[in-house]
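The values are calculated or read from the model by the stated rules, or taken from the named source; none is laboratory data. Bear in mind the structure is a predicted one, so any value in this text is a computation, not a measurement. A quick note on method: Cβ atoms are made from the backbone with ideal geometry, for glycine too, and the neighbour counts reach across all protein chains shown. Areas reflect the complete protein model, heavy atoms only, side chains present, ligands, DNA and RNA absent. Shrake-Rupley method; radii C 1.70, N 1.55, O 1.52, S 1.80 Å.
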Amino acid sequence: HILPREWVAELGDLHDKAKEIPMDEVMRVIHTELGRPCEEVFAEFDPQAVASASIAQVHAATLHSGERVAVKVQKPAVGVQNWCDLQVYWLVLFALELVFDLPLVWTYEFTKQQLEKELDFRIEAENGKKCALALQPQFGDAVLVPRVFEHVFSRRVLVCEWVDCCAQIHDVEHLVGQGWDLRAVMRRGIEIFGFQIFADGNVHCDPHPGNLLVRHHPRRQGDFQLVLLDHGLYTELPPTLREQYCLFWVSMWLRDLETMKTCSKAWGVRDTEFFASATLLKSFKSLLRPSAAGAAGAYKRPRTTAEMAAFQEKLKERARQVLHDTSAFPRELLFVGRTMNIIRAENFALGSAVDRVAVLAECAMAARGSGAWDRASMRV
């Protein structure tokens, strides 16, 4: 982490332990959005939120039909807060671009559009439905996307089936305590997002630990089931881009530099190897020469101030080459990169339980060409 651990822990509370809004505000949002008071919609409604994030909080409830549900209620001030946050975000991008002479402001408009969509729970419901339909034929009941109750949801209220979960995916103590294989859990998680990125093209872009849960499989004793929540932040890869990205990943794994250059050139990227490292979230040279990391570690002498300045200038120049033609760069890959980084962090939290890059390369190979997904071929 770049930030101190204490900061990371505090910010981590925004996943599901953020400050809650009072119950009277919750009731007011439900009444305004659904056109009926809470007691007419729900037979029971727990006033204590089971989770509270930056945008919304979730309450357990029971419908008059007897079905237990999770009710996601958007916090009233979120619209204004989001607008303010976006203005600050633009200022930060502008300042960084000015100080470090790197093109950054170009990312703002697409990011703004994606974050504004996240505030409309009707879009989230549609994303979740698409996700469930796409994953079911490939993973069966190994992963669950909670069903949305379409007769009781709106722009700021979402009602889903209740799911009892055991642990967040990065909670090693709980996972081990339940007797689950960390490698199997993490591999399945990576395969789910590998399928979305390389085969389906409809990608969940916020799979943080609060949204990726693990529970006992309801029908297979001793097995586990992943639960994928919060489908508000998605990006959709056009078929051509999805196939190009598949080819780029396969080419990285096969060390096919010429094909990598062809793909990256189409995206306005000049420094292919630097971009590959940014995509892998590790040095691309470690794939070319597995011993390179060890060789690099042999350099023990601290760099002088002049050497550090030269090194930083070289990095800036390489970054400028990566972003040579920002008009050609696919904005969707910004959010795919976000998903990739969250997956990397969760795998790291489990002690790098699996070779993340190898599993993603397998996923790309399995999906390469037509978008077909052949899990039997997923071993490289």
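What does the net charge come to around ARG242 if you take all other residues with beta carbon closer than 12 Å to its beta carbon, with K and R at +1 and D and E at -1? Taking every other residue near ARG242 into account, the sum is -3.
Where does the charge balance sit around TRP162 when Lys and Arg score +1, Asp and Glu -1, over other residues with C-beta under 9 Å from its C-beta?
Values: positive: ARG68; negative: GLU67, GLU161, ASP164.
Here the charged neighbours net out to -2.
Residues of the range 81-110 with backbone nitrogen within less than 14 Å of a virtual label 7 Å along the Cα-to-Cβ line of LYS117, please, listed as ranges. Flagged as within label range: 109-110.
The alpha carbons of the range 148-284 give a radius of gyration and a Dmax of 18.7, 53 Å, in that order. Quick one: with all protein chains in place, what share of the accessible area of the range 174-250 is carbon or sulfur, to the nearest percent (1.4 Å probe)? The value for the range 174-250 is 48 percent carbon and sulfur by accessible area. Computing FRET efficiency as 1/(1 + (r/R0)^6) for ALA77 and LYS17, where r is the C-beta to C-beta distance and R0 is 22 Å, gives about 0.75.
In the full protein context, the chain carries 50 Å² of accessible surface per residue, based on a 1.4 Å probe and ignoring ligands, DNA and RNA. Close amide-amide hydrogen proximity is noted between ALA51 and VAL58, each under 5 Å apart and 5 or more residues distant or on a separate chain (H modeled in the peptide plane; Pro and chain starts excluded). Partner lysines whose Cα lies under 26 Å from the Cα of LYS72, excluding those fewer than 8 positions away in the same chain, are identified as LYS17, LYS19, LYS112, LYS117, LYS129, LYS130. Normalising the average separation of contacting C-alpha pairs (under 8 angstrom, six or more residues apart) by the number of residues puts the relative contact order of the chain at 16 percent. On the protein heavy atoms, probe 1.4 angstrom, tell me the percent of accessible surface of the range 61-139 carried by carbon and sulfur. Heavy-atom surface of the range 61-139 belonging to carbon and sulfur, 1.4 Å probe: 64 percent. Between the exposed loop cleavage positions of the chain, defined as GluC sites (Glu not before Pro) in a non-H, G, I, E, B DSSP state with at most 14 neighbouring beta-carbon atoms within 10 angstrom, the longest gap is 151-380.
Given the convex hull of the Cα atoms of the chain, what is a quarter of its surface area in nm²? Could you put the intermediate results ahead of the total?
Working: hull surface 83.4 nm².
Average projection, Cα convex hull of the chain: 20.8 nm².
Report the full-extension gain for the segment THR262 to ARG155: residue separation times 0.36 nm, less the Cα-Cα distance, to one decimal in nm.
On the way: separation 107, 0.36 × 107 = 38.52 nm, distance 4.26 nm.
Extra length from THR262 to ARG155 when fully extended: 34.3 nm.
If r is the Cβ-Cβ distance from GLU67 to HIS217 and R0 is 25 Å, what FRET efficiency results, to the nearest 0.05?
Numbers: r = 21 Å, r/R0 = 0.84.
The pair GLU67/HIS217 has a calculated efficiency of 0.75.
Which whole-number percent gives the relative contact order of the range 157-300, counting Cα pairs below 8 Å spaced six or more residues apart? All intermediate terms of the calculation are to be shown ahead of the outcome.
Numbers: 136 pairs, mean separation 24.3, N = 144.
So the answer I get is 17 percent.
Averaging the sequence gap over all C-alpha pairs within less than 8 Å and six or more residues apart, then dividing by the number of residues, gives the range 189-233 a relative contact order of 32 percent.
Under the simplified labelling scheme, the ASP141-ASP101 pair shows an inter-label distance of 6.1 nm, with each label point 7 Å from Cα along Cα→Cβ. Distance between the modelled labels on LYS314 and LYS285, one decimal in nanometres: 0.8 nm (7 Å Cα→Cβ projection). Applying the criteria of a DSSP loop state and at most 13 other Cβ atoms within 10 Å to the trypsin sites (Lys or Arg not before Pro) of the range 176-242 yields ARG219, ARG220.
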